[in-house]
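Below you'll find the structure, written out as structure tokens, and then a few comments.
The values are calculated or read from the model by the stated rules, or taken from the named source; none is laboratory data. Computed from a prediction, not measured in an experiment: that's the story for all the values here. Heads up, the Cβs are rebuilt from the backbone with ideal geometry, glycines too, and the neighbour counts pull from every protein chain shown. Areas reflect the complete protein model, heavy atoms only, side chains present, ligands, DNA and RNA absent. Shrake-Rupley method; radii C 1.70, N 1.55, O 1.52, S 1.80 Å.
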Amino acid sequence: MRRRRLIARAVLRRKDLVPVAQRTESLRPDAILLFATLRNERVRLPYFLKYYRDLGIDHFLFVDNDSTDGSRDYLAAQPDVSLWTTPASYRKSRFGMDWIMSLLRAHGHNRWCLTVDVDEFLIYPFCETRPLRALTDWLDASSIRTFSAMMLDMYPQGPIQDQPYREGQNPFEIAQWFDSGNYTFTRNWPYGNLWIQGGPRSRTFFASRPRQAPALNKIPLVRWDRSFAYVSSTHMLLPRGLNLVYDRAGGEKTSGCLLHAKFLDTFALKAQEEMARGEHYAESREYKAYLNGLAEQPDFWCKWSEKYINWRQLEILGLMSTGNWA
């Protein structure tokens, strides 16, 4: 019943979306699609698009939530982008997921669909030498419909405002560091998924209340079906069986990471904007914590920080797994 209600919400919220550039008519049946909601992310878009084009995304479907920085015009001019815009409430659309699910239903059925934010960059085993289609072909051959990725918060050494980010730059030239430990993994019994918390946001902004730290577990890559529904962002899905992205017998299933480039010098202004809008979860509790912490000009780096090298490093640390994909 909950899945049906979520699908019904998505169908109703489709009326919020006004097409700006719709180029979905010529999509191949096997096209790999990327879905994202954004607001005022113009500076991030050139590298984001380049990264995922190089990875093998065939077409991008964006919802622009009333940007004022030129994001909409920039995206509308891209030949592999379809774009919708809306001034409607991000919060009332289930933080954008109703909009995304409406597009997934319309264009993603029986296709591999990657749903991410524009500061999230998927890596997976052999991603440096194998395109995304190699992964999806293997998933198809293995009858696997979902692929999980732990979100890994990346950060610079030193205060984030000291290293300006320029448009088109690889953000990981600045945000080169991550926490290799201090993560908690628990099972979310109602949905059968893992719940992961920790990392620099937990120790910096939620040290006194770690249970309120953001969730890091995500299932961003799915061979979509119209009967599926995201429950909370991309943290979990219905039907519940789609959430079994870990091996209950004690082995390891193939998984990836989402390198999270939130912590650049643009972060403070973004946090202020989102606090003023009040459109995020729990009355923007997360952004309140960010602003309080940023007032002290935090340096996320500590003696246990690890410099990112490649995906094999993350596999050795147990943050992702090759599993049966060789």
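Against the conditions (1) surrounded by 21 or more Cβ atoms within 10 Å (Cβ to Cβ); (2) free of Cβ contacts under 8 Å to residues at least 40 places away in the same chain; (3) assigned to a helix (DSSP H, G or I), ASP54 satisfies every one except (1).
Criterion applied to ALA207, ALA141 was being more than 27 Å from TYR246 (Cβ to Cβ), among the hydrophobic types (A, V, I, L, M, F, W, C) and exposed (fewer than 14 other Cβ atoms within 10 Å of the Cβ), and the one residue passing it is ALA207.
Among the residues of the stretch 114-125, are any open to solvent by 50 Å² or more (accessible area, probe 1.4 Å) and closer than 19 Å to LEU238 by Cβ? Among the residues of the stretch 114-125, not one is open to solvent by 50 Å² or more (accessible area, probe 1.4 Å) and closer than 19 Å to LEU238 by Cβ, which makes the answer no.
PHE172 satisfies every condition listed in (1) closer than 30 Å to ARG53 by Cβ; (2) part of a strand (DSSP E or B); (3) not small (Gly, Ala, Ser) except (2). Does the stretch 233-253 contain at least one residue that is touching a strand residue (DSSP E or B) at 6+ places or on another chain (Cβ under 7 Å), touching a residue at least 60 places away in the same chain (Cβ under 8 Å) and assigned to a strand (DSSP E or B)? The answer is yes; a qualifying residue exists. Residues in the stretch 67-111 that are open to solvent by less than 10 Å² (accessible area, probe 1.4 Å) and either in a strand (DSSP E or B) or of a type in the set (Val, Ile, Thr) (or both) were compared, and the one that is nearest to SER232 (Cα to Cα) is ILE100. When ASP179 is tested against (1) open to solvent by 30 Å² or more (accessible area, probe 1.4 Å); (2) more than 21 Å from SER233 (Cα to Cα), just one condition goes unmet, and that condition is (1).
Within the stretch 144-168, the set of residues being of a type in the set (Ser, Thr, Tyr) and buried (at least 21 other Cβ atoms within 10 Å of the Cβ) comprises SER148, TYR155, TYR165. Within the stretch 168-182, the set of residues being at positive phi and touching a Gly at 6+ places or on another chain (Cβ under 9 Å) comprises ASN182 only.
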